[in-house]
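All remarks here apply to the structure that follows.
The values are calculated or read from the model by the stated rules, or taken from the named source; none is laboratory data. Given the structure is predicted, the values throughout are model-derived calculations rather than measurements. Because the Cβ atoms are built from the backbone with ideal geometry, glycine has one as well, and the counts that use them run over all protein chains shown.
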Amino acid sequence: MTWTVSIPDNIELVLDRISDDDLRERILDRLEDMEGDPYQYIKPLRGVPFFSFRVDGYRGIVSLKKRKLVVMVLRLAPRNISYRELMELAKRRF
């Protein structure tokens, strides 16, 4: 099964603002890898229907639409931002 990774415009803006080209490419590569089997790269978050992934200094929050095989990227932020802040932002989007 092949999943589709959905990257909304606001996440594209975050990616564009990452000055380290190598880091940006690693994040995009990770998202591309999720098209095969996202469960290899994510971990469930407690108490909410979301998952997280990490690439170096960045953390992403995703939601899985299992029936449609879609990985929806909800948030991408530096890891120094707390999970609580990320979850609040992700809940607003979802």
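Listed here are the residues, each with its yes/no results for (1) charged (D, E, K, R); (2) touching a Gly at 6+ places or on another chain (Cβ under 8 Å).
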residue	(1), (2)
33	yes, no
37	yes, no
41	no, no
46	yes, no
59	yes, no
64	no, no
67	yes, no
71	no, no
75	yes, yes
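Each residue in the range 38-56 was checked for being loosely packed, with under 13 Cβ neighbours inside 10 Å and modelled with pLDDT of 95 or more, and 4 pass.
Could you list, ordered by first residue, the pairs with Cβ atoms under 9 Å in which the first is in the range 24-36 and buried (at least 17 other Cβ atoms within 10 Å of the Cβ) and the second is at pLDDT 95 or above and part of a helix (DSSP H, G or I), at least 6 apart or interchain? That search, which allows pairs on different chains as well, returns 24/15; 24/16; 27/15; 34/40. Here residue 40 fulfils each of the conditions (1) under 11 Å from the mean Cα position of the chain (by Cα); (2) over 14 Å from residue 11 (Cβ atoms) apart from (1).
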